[in-house]
Each structure stands twice: as structure tokens, then as C-alpha cells.
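All remarks here apply to the structure that follows.
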Amino acid sequence: MNLELATSDGVSPVTRTTGADSPLAIRGLTVSYGQKPAVFSVDMTVKPGAMTAIIGPNGAGKSTLLKASLGILKPLAGTVSVYGAPLARQRHRIAYVPQRASVDWDFPTRVIDVVLMGLYGELGLLGRVKARHRAKAEDCLRRVGMEDFAQRQIGQLSGGQQQRVFLARALAQDAELYLLDEPFAGVDAATEKAIITVLKQLRNMGRTVVAVHHDLSTVTDYFDHVFLINNRKIAEGPVKEAFTADTLQAAYGGRLADAQMDALRLP
Ligand SMILES: Nc1ncnc2c1ncn2[C@@H]1O[C@H](COP(=O)(O)OP(=O)(O)OP(=O)(O)O)[C@@H](O)[C@H]1O
Ligand SMILES: [Mg+2]
């Protein structure tokens, strides 16, 4: 069994990914914006080559957990290691797609330039964009179905189209670990399908995908693993074992109606 409950007795199942080989291993992470921690004493061990959903109610600390994993927020306590080494040395192995509402696109930037930003690791800060960089950026736009929008200002796209462009930028980075904050929020069915197809392709290439996810009805279809959080960790493990009526009740409390629970047909 590969399930880890916060209340478990700490006995390590044999198949569990250890911190050393995990794309992202978090230990004792506490992050606070004020008096009360948004994330409290959280341990997380992301499974390599799998898709993990981070699940929990609004304000549970999901975005905070991702930002602290990327070093955007400084924790009060705890450690983050990426592929067994401190985060600072491993940033180039991670691509991040932020929660959409958090990005202000008043700044005039063309779509192709947004995707080229994903290549800055390859280009260097002052590197010249060559034909092959442009071709790679165009290919990433094609993979998300946005090739016709390369010259458009990013601020002139719909929210779902912007989300696809963000994903194209992450693809251009050619990372090993992809962290996405609600990639499906506010997108239509076609965009959702395009995004999940690309994410599954990444997983099938052995990359690791971690996404904050709100739609409980698609968890089983889309993800291999779940991480449930409500400020503290609730549960972590394969979907079949850790995504249950009990763990959801623990994460959402009374906020999840019985009807929703029934619709999920959980174990
Ligand atoms: N910049 C900030 N300053 C102060 N408090 C913050 C800040 N950002 C988040 N918080 C608080 O920290 C807690 C966790 O926020 P976070 O954004 O991580 O939640 P979340 O799980 O991502 O929620 P959502 O599902 O709504 O995106 C919330 O109570 C929120 O109000
Ligand atoms: Mg959030």
C-alpha cells in the first residue's frame, strides 16, 4: 500500500517514494502570512512520472504550498528538496503555471514572446532568439492549439486561451517537474481536453505533473495520485486509496454536500 494518512503511525510502506528520489519532497513546511499559518507542518513526497492532484477547499493553502515549493514564498519552517537536492540548485528542472487570476496582462506582450520566455534558461538572459528557438516556441503553441495566435497581444486573448499559452510556455521550458495551479479553472470543455491531453503526454514521457484541482468529478479520470490538504495535510497516495469519502470529509468538513459525495461513487 502506498497510502499515507496524516494520522498514520509512521510505518513506511515498502513502495513509498523516498525523499531522495522524489521530484519534490517537502518536510515540516509551515508558511504564514500573519499570525495563523496558511500551511502547517506539511510533508509531501511527489511520485515521479505520475500526475498528482492537490485538492482542498478555498483557502486550504494549495497555492501557498506550490509557491513555497518554488521558493516564491519563504517558509517559517521546513525544507523543500527537488530530485534530492536543495531547491536553489534545481529551479531549472521545474516549470510553473500560476493560478490565472494572479497574472496581470496589462503589459503589452505578444503570445510568441510569452512562450519564448520559457526558453530563457536555454537562451541566457541576453541571448539572441534564433530561428530554432522561434520554431520550438511555435511548436509548443501548436501542441496547445494556439499556433494561429502567435502575433496576438496576450491581453487580447480570452482566459482559456491565455491558459493554453501559459501551458505552451511551460512546455518550452522542457522541465521534468510541472507545477500547475488550477489549470482547468474557467476553461471550456475543448480547452480542458486539450490541456489534459498535453499533461498526460508529459506524464507518458516520464515527466512529473502536480496540479491544484477543484473538480472532484474528474480526479479519478485525470490523476494517479492525490494530496489532500486543509492547512494541514489530510492524506496522500494513489487515487484509489487516498481519495475516499473519509479523506474528502476530513478535507472539506460539512462543505461537501451528501449529493456530491454520492455522485463521486467513492469507496
Ligand atoms: N498574500 C497574502 N497575504 C495574506 N494572506 C494570504 C495571502 N495569500 C493567501 N493568503 C491566505 O492564506 C490562506 C491560503 O491561501 P491560498 O491562496 O494558499 O489558498 P488556496 O488553497 O490556493 O485557495 P483557492 O482554492 O481559493 O485558490 C488563505 O486563508 C488566504 O486568505
Ligand atoms: Mg489557490
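Observations, loosely collected:
- For the chain, the calculated P(r), taken from all Cα-Cα distances in 5 Å bins from zero up to the bin holding the longest distance, is 1, 6, 13, 17, 19, 17, 13, 8, 5, 2, 1, 0 percent.
- Fully extending the segment from Lys130 to Asn204 would add 23.7 nm, taking 0.36 nm per residue of separation and subtracting the current Cα-Cα distance.
- Angle between the chain longest axis and helix 159-173 axis [Cα atoms, degrees, rounded to 10]: 90
- Between Ala189 and Asp113, residue separation times 0.36 nm minus the direct Cα-Cα distance comes to 24.7 nm.
- Dividing the convex hull volume of the alpha-carbon atoms in the range 145-267 by its residue count gives 130 Å³ per residue.
- Against the rule of thumb 2.2 N^0.38 Å, how large the Cα Rg of the range 34-152 comes out: 1.29
- Cross-link partners for Lys200 among the lysines, with Cα-Cα distance under 17 Å and sequence neighbours closer than 8 places in the same chain left out: Lys47.
- Whole-number percent relative contact order across the chain, with pairs defined as alpha carbons under 8 Å at least 6 apart: 26
- Flagged links, alpha-carbon separation over 23 Å, of Lys67/Lys233; Lys36/Lys233; Lys130/Lys193: Lys130/Lys193
Values in this text are rule-based calculations from the coordinates and carry no lab data. Computed from a predicted model, the values in this text were never measured in an experiment.
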